[in-house]
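As structure tokens, the structure follows; a few thoughts come after it.
The values are calculated or read from the model by the stated rules, or taken from the named source; none is laboratory data. Values in this document were obtained by computation on a predicted structure and should not be read as measured data. Cβ placement follows ideal geometry from the backbone for every residue including glycine, while neighbour counts extend to all protein chains displayed. Protein only, heavy atoms only, side chains kept; ligands, DNA and RNA dropped before computing areas. Shrake-Rupley method; radii C 1.70, N 1.55, O 1.52, S 1.80 Å.
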Amino acid sequence: MSERRHLTTDLMDEIALLRARIAELEHAEATRRDTEQALRESRVRLRTVVSNAPIILFAMDSTGIVTLSEGKALESLGFKPGQLVGQSVFELYADQPDILAAVRRGLAGETFTNQAELGGTYLETRFTPMVDSSGNIIGCIGVATDVTDRVRAESALRESEQKFRMLAKNIPGLIYLCHNDAAYTMVYMNDFAEALTG
């Protein structure tokens, strides 16, 4: 009878251990499911942000093949997110030597920012090399921002300033601009004003 009780106790202990192990596995499975769900939600949030941001986020391998092309600003170039993946930058922009020079710099491992015009859209692009665990360059990534409005505003300002200077230079009268300080510090004076005042 004692031996039978011992077997029963051993069996009960093993059942308790199995139940504990099953509970651990169920908890681990629930944690894994929660982690996977959080990862899926995070990916959706990231894709939503990147797809709607007025930028182009891209990556290319060491040969110039596009491995990532995302962002709302792609539309201004006539592309959809992901459409350029698998294509060669050197073929896509064969007629754009400035862009190809920037790509070569990026693929050579240089980190820099440049500005280029593509079909009436001005992009300011930050290139950063991608390296593997050994430090070898395996491509580059970039973020391009549409700066067309800024470039046009700067150009309009330059034109306006140029027109003002030409007008001020050719008017046979005194034109000057000064600060409203104690010394009336001169900011601008046309040629006539300079000739008159010395």
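Structure values in brief
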quantity: Potential lengthening between R33 and T128 on full extension [0.36 nm per residue; Cα-Cα distance subtracted]; calculated: 30.7 nm
quantity: Vicinal HN-Hα couplings computed from phi for segment 103-109 (Karplus, 6.51 cos²θ - 1.76 cosθ + 1.60; Hz; Gly/Pro x); calculated: 4, 4, 4, x, 6, 7, x
quantity: Sorted peptide list for 184-196, 47-59, 156-168, criterion being average Cβ within 10 angstrom, highest first; calculated: 47-59, 184-196, 156-168
quantity: Accessible surface of the chain, 1.4 Å probe, proportion on carbon and sulfur as whole %; calculated: 57 percent
quantity: Accessible area (Å², per residue) of segment 1-149, counting only protein heavy atoms and a probe of 1.4 Å; calculated: 67 Å²
quantity: Karplus 3J(HN,Hα) series, Hz, for segment 127-143 with 6.51 cos²θ - 1.76 cosθ + 1.60 (x for Gly, Pro); calculated: 9, 9, x, 9, 10, 8, 5, 8, x, 7, 6, 10, x, 8, 10, x, 10
quantity: Sequence-separation-based contact order of segment 112-183, relative, with Cα cut under 8 Å and 6+ spacing, percent; calculated: 21 percent
quantity: For segment 1-102: Kirkwood Rh in Å [reciprocal of mean 1/r, alpha carbons]; calculated: 18.6 Å
quantity: Pairwise centroid distance, computed over Cα atoms, of segment 35-94 with segment 161-198, Å; calculated: 52 Å
quantity: Value at 222 nm in deg cm²/dmol, rounded to 500, when DSSP H runs of n ≥ 4 in the chain each add -39,500 (n - 2.57); calculated: -16500 deg cm²/dmol
quantity: Reach of K72 by Cα under 25 Å, taken over lysines that are not fewer than 8 positions away in the same chain; calculated: K80
quantity: Kirkwood-type radius of the chain, with distances r between different C-alpha atoms, in Å; calculated: 23.3 Å
